[in-house]
Amino acid sequence: MSLCTTSRFGLCQNLYKDEDIKRKVKIVVFDMTSPWFKSLSSVFGLKPRIKSLLLLILGLVALVTILAPLSSTSYDASTASTLVPNIYSNYRRIKEQAAVDYLDLRSLSLGTTLKEFPLCAKERESYVPCYNSTENLLAGLQEGDVLDRHCEFEREKERCVVRTPRDYKIPLKWPLGRDIIWNGNVKITKDQFLSSGTVTTRLMLLEENQIAFHSEDGLIFDGVKDYARQIAEMIGLGSDTEFAQAGVRTVLDIGCGFGSFGAHLVSLNLMPICIAEYEATGSQVQLALERGLPAMIGNFFSKQLPYPALSFDMLHCAQCGITWDIKDAMLLLEVDRVLKPGGYFVLTSPTNKAQGNSPDTKKTSISTRVNELSKRICWSLIGQQDETFLWQKTTDSNCYSSRSQDSIPLCKDGDSVPYYHPLVPCISGTTSKRWIPIQNRTTSAELEIHGLKPEEFLEDTQTWRTSLKNYWSLLTPLIFSDHPKRPGDEDPLPPFNMIRNVMDMNARFGNLNSALLDHGKSAWVMNVVPVNARNTLPLILDRGFAGVLHDWCEPFPTYPRTYDMLHANELLTHVSSERCSLMDLFLEMDRILRPEGWVVISDKVGVIEMARALATRVRWEARVIDLQDGSDQRLLVCQKPFLKK
C-alpha cells in the first residue's frame with residue numbers, strides 16, 4: 001500500500017509522520033495466506049464465502065479504527081508536511097481513498113456495486129431533454145407549442161452518459177476560440193452551412209475541419225460594427241462604445257444567428273445573452289456557446305421566459321423570425337415584461353412582409369404593426385434607419401393610468417416566480433419597487449431594494465474573492481496556461497485546456513461572477529438561481545450579469561458539452577431537500593460539461609461522500625479536499641475525462 005501517490009493534482013505528500021498511524025494503516029492489509037489467518041480458519045472451520053464475509057467485517061472495523069483517531073469526522077484536517085497555498089493546505093489523498101473504500105465496502109455489504117453508467121447510443125450525442133417534438137405531438141400539442149420546453153412529457157429513459165462525437169476537439173483558447181471553432185463540435189454539416197445563403201457564406205469560411213468567423217461581417221448590411229454604431233446613433237450616442245452611458249449593460253439577443261452581434265457587444269464589455277428556440281441541427285445557441293458567448297434555449301411562443309420582470313436593458317431582434325403581433329400581442333407583452341424602464345427594443349425586419357393568410361390582406365411590415373401596439377404599452381419610437389427600428393419603454397409608471405380605456409390592462413403583480421408560466425395578456429412590473437430607469441440606477445439603491453445591508457453584501461463579496469483565489473491556487477497548474485494553441489495544432493493535453501463558459505449552479509448574489517471580473521479572468525458566468533431558493537436573480541441581473549431561474553429537478557435548457565466549469569455551492573443539500581434525484585443531477589451535469597471540463601462542489605461532508613460515489617459512476621476523476629476552517633464543509637473537485645468510443 002503506497003503512502004504517497006502522485007495524482008494529477010500534483011499533491012504527493014508524506015502523509016504519515018506518526019509511527020502509530022503507520023501501524024494502524026497496516027491493519028487494513030490482510031494476507032489470507034498468513035499463519036494467523038490459516039489458524040483462524042482452522043479453528044472456526046470457515047468456508048470460502050464465510051471467509052470473505054469475515055474479511056469484509058474486519059475491513060470495516062479496521063477503517064473505523066483508522067479514521068477515528070485521525071479526526072472527529074471522517075474528513076477532518078491534520079498537519080501535513082507539504083502545504084498547498086491558502087486554505088487547501090492539508091489535502092489528504094489517503095483519507096479520501098479511505099472514504100471511497102468505506103463506501104465501496106458498504107455497497108458490497110448491501111449486495112450492490114458502484115457500477116459506471118453505460119454510454120448512451122450514438123444518436124443521443126446531441127440530446128437535449130424536454131425538447132422532443134415527436135413526444136410533444138403525441139401529447140396533443142400543436143403549432144409552435146411542439147418546439148417549446150415540455151419536461152412534463154419526458155419519458156423515463158435508460159440512465160446513461162452522453163458520449164462525445166468522434167470528431168470532437170477541445171475548443172481553442174479564448175479569444176481565438178471566439179473566431180475559430182471546430183466544425184466537429186457542432187451539429188451542423190458543411191452542406192448545411194453552404195446552403196444557408198449568402199449571409200452565412202459572408203459570415204464564415206470553411207477550411208477543412210474549422211469554421212472561421214469574420215469579426216467585420218455579420219448581420220445584414222455593412223457589418224456588425226456599423227450596425228452597432230447605427231443603433232447607438234438612434235439612441236443619441238456618438239458611438240457604440242457609449243452604450244453604458246445610456247444605461248445599457250445587458251442585452252437579450254433573440255434569435256442571435258451565429259452570435260456575431262453578441263461577440264461585438266462582449267468586446268464593448270456588455271453582457272449579451274442569446275436565446276433561440278431548440279433546433280435539431282444548425283443550432284444558434286450551440287454555435288454561440290461554442291464561441292464562448294452566453295446563450296440558452298428559449299422561445300416566446302407560449303410561455304414566459306425564466307426571468308423576472310424588468311430584467312434587461314435592451315432586447316434585440318434582427319430577422320429573428322417572430323411575428324410579434326400574434327396571440328393578442330402577448331409575445332410583445334413578454335418583451336415589455338422583461339424590459340427595464342427606459343430600456344430599448346431593437347427590431348430589424350423586412351418592410352414588405354404580409355400579415356395574415358388572406359389574399360386581401362394589406363402588406364404591412366412587422367415593424368409597422370409593432371409601432372401601432374407600442375402606443376398602447378407606453379413605448380416611443382425614437383429612431384428608424386433603413387429596416388431597423390428602435391423603441392424605448394417609458395420611465396414614467398404613471399403613463400399607464402393616462403391611457404385610453406380600451407388599452408391593454410395592467411397585471412396584478414404578485415410574488416410568484418416566472419418559471420415558464422403561460423404568457424399573459426396584460427402589462428407586468430408597473431408597481432414593482434424595482435421600477436428604476438436604467439439611466440438612474442446606483443449600487444446602493446439596488447442593494448436597498450433587494451433587502452440587503454451593505455455590510456452583508458460586502459462580506460459575501462470578500463468571501464468569494466478569497467474562495468476564487470483558492471480555487472485558482474488549486475487548479476492553476478491544471479487548467480490555465482499561456483501555452484499557445486493555433487489552428488491545426490494537435491490538441492494539447494491538460495493543463496493546456498481553457499475555461500471560458502462557467503455555470504454557477506446556485507449563484508446566490510452572483511459574487512463568484514463578481515470575483516472573476518475583479519481578478520481579470522476571461523470567463524463569463526451563467527448565474528443559476530434555483531426556483532425554490534431565495535430569488536436573488538433580480539439582483540444578479542441588476543448587477544449586469546447573465547442569469548436565469550431553473551429547477552434542478554429538471555434538465556437545463558442547453559446542448560451537450562457547452563460549459564467548461566460547473567460550480568455548485570450547497571446545491572446538493574438543496575436538491576436533496578427537494579427530493580430530486582442526485583443521480584439524475586450528476587448525469588445532467590455530465591451532459592452539459594465539456595470533456596476535460598471541471599466541477600467544483602462545496603457542501604457538507606455527508607453529502608460530499610454521496611457525491612464522490614456518483615462522480616465515480618459518471619467516470620469523473622474526483623478528489624475530496626479539506627477546508628482548514630473548522631467547518632463540516634468539504635470540496636469535491638472533479639474532472640470529466642475525454643472519452644472516445
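The values are calculated or read from the model by the stated rules, or taken from the named source; none is laboratory data. It should be emphasised that the depicted structure is a prediction, and the values quoted were computed from it without experimental measurement. Glycine gets a Cβ as well: all are built from the backbone with ideal geometry, and neighbour counts include every protein chain shown. Accessible surface is based on the protein model in full, side chains and every heavy atom, while ligands, DNA and RNA are left aside. Shrake-Rupley method; radii C 1.70, N 1.55, O 1.52, S 1.80 Å.
Check Gly520 against each of (1) assigned to a loop (DSSP other than H, G, I, E, B); (2) touching a residue at least 12 places away in the same chain (Cβ under 8 Å) and name the one condition it does not meet.
It is condition (2) that Gly520 fails.
Condition first: over 17 Å from the mean Cα position of the chain (by Cα), closer than 19 Å to Leu390 by Cβ and assigned to a strand (DSSP E or B). Can you find one or more residues in segment 262-271 that meet it?
Checked segment 262-271: no residue is over 17 Å from the mean Cα position of the chain (by Cα), closer than 19 Å to Leu390 by Cβ and assigned to a strand (DSSP E or B).
Closer than 30 Å to Thr134 by Cβ, open to solvent by less than 50 Å² (accessible area, probe 1.4 Å), modelled with pLDDT of 90 or more and among the hydrophobic types (A, V, I, L, M, F, W, C), is that true of Ile273?
So Ile273 passes the test.
Out of all the residues in segment 444-460, which are more than 10 Å from Phe509 (Cβ to Cβ) and acidic (Asp, Glu)?
Once the filter is applied, which keeps residues that are more than 10 Å from Phe509 (Cβ to Cβ) and acidic (Asp, Glu), segment 444-460 yields Glu446, Glu448, Glu455, Glu459.
Find the residue count for segment 276-316, including only residues that are open to solvent by 10 Å² or more (accessible area, probe 1.4 Å) and in a strand (DSSP E or B).
Residues meeting the conditions: 1.
Counting only residues that are open to solvent by 50 Å² or more (accessible area, probe 1.4 Å) and more than 30 Å from Ile382 (Cβ to Cβ), which one in segment 207-243 is modelled with the lowest pLDDT?
Glu207
Let me confirm something: among Leu614, Leu566, Leu635, which residue is in contact with a Phe, Trp or Tyr (Cβ under 8 Å, 6 or more places away or on another chain), among the hydrophobic types (A, V, I, L, M, F, W, C), buried (at least 17 other Cβ atoms within 10 Å of the Cβ) and not in a strand (DSSP E or B)?
That would be Leu614, the only listed residue that is in contact with a Phe, Trp or Tyr (Cβ under 8 Å, 6 or more places away or on another chain), among the hydrophobic types (A, V, I, L, M, F, W, C), buried (at least 17 other Cβ atoms within 10 Å of the Cβ) and not in a strand (DSSP E or B).
Considering segment 609-633 alone, what residues qualify as being more than 20 Å from Ser473 (Cα to Cα), within 22 Å of the chain's Cα centre (by Cα) and without any contact (Cβ under 8 Å) to a residue 40 or more places away in the chain?
The answer is Ala611, Leu614, Ala615, Trp620.
Among (1) of a type outside the set (Ser, Thr, Tyr); (2) open to solvent by 10 Å² or more (accessible area, probe 1.4 Å); (3) modelled with pLDDT of 95 or more, where does Leu549 come up short?
(2)
Residue-wise test of (1) open to solvent by 90 Å² or more (accessible area, probe 1.4 Å); (2) among the small types (Gly, Ala, Ser); (3) farther than 23 Å from Asp313 by Cβ; (4) in contact (Cβ under 8 Å) with a residue 12 or more places away in the chain.
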{"residue": "Leu410", "(1), (2), (3), (4)": "no, no, no, yes"}
{"residue": "Val417", "(1), (2), (3), (4)": "no, no, no, yes"}
{"residue": "Leu423", "(1), (2), (3), (4)": "no, no, no, yes"}
{"residue": "Ser428", "(1), (2), (3), (4)": "no, yes, no, yes"}
{"residue": "Arg434", "(1), (2), (3), (4)": "no, no, no, yes"}
{"residue": "Gln439", "(1), (2), (3), (4)": "no, no, no, yes"}
{"residue": "Gly451", "(1), (2), (3), (4)": "no, yes, no, no"}
{"residue": "Ser467", "(1), (2), (3), (4)": "no, yes, yes, yes"}
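Could you list all residues from segment 392-408 that are in a loop (DSSP other than H, G, I, E, B) and either of a type in the set (Asp, Glu) or surrounded by 12 or more Cβ atoms within 10 Å (Cβ to Cβ) (or both)?
Scanning segment 392-408 gives Thr394, Thr395, Asp396, Arg403, Asp406, Ser407, Ile408.
Would you confirm whether or not segment 187-195 contains a residue that is on the phi > 0 side of the Ramachandran plot, at pLDDT below 90, open to solvent by 20 Å² or more (accessible area, probe 1.4 Å) and over 19 Å from the mean Cα position of the chain (by Cα)?
So far as segment 187-195 goes, no, none of its residues is on the phi > 0 side of the Ramachandran plot, at pLDDT below 90, open to solvent by 20 Å² or more (accessible area, probe 1.4 Å) and over 19 Å from the mean Cα position of the chain (by Cα).
Those residues that are modelled with pLDDT under 70 and at positive phi, I need them from segment 122-163; list them, please.
If the condition is that a residue be modelled with pLDDT under 70 and at positive phi, then Gly140, Glu143 are the ones that fit.
Could you please find all residues in segment 169-178 being under 18 Å from Ser283 (Cα atoms) and either crowded, with 19+ Cβ neighbours inside 10 Å or without any contact (Cβ under 8 Å) to a residue 24 or more places away in the chain (or both)?
The answer is Pro171, Arg178.
Which residues, taken from segment 580-604, are in contact (Cβ under 8 Å) with a residue 60 or more places away in the chain and either open to solvent by 30 Å² or more (accessible area, probe 1.4 Å) or farther than 27 Å from Val531 by Cβ (or both)?
Met583, Asp584, Pro595, Glu596
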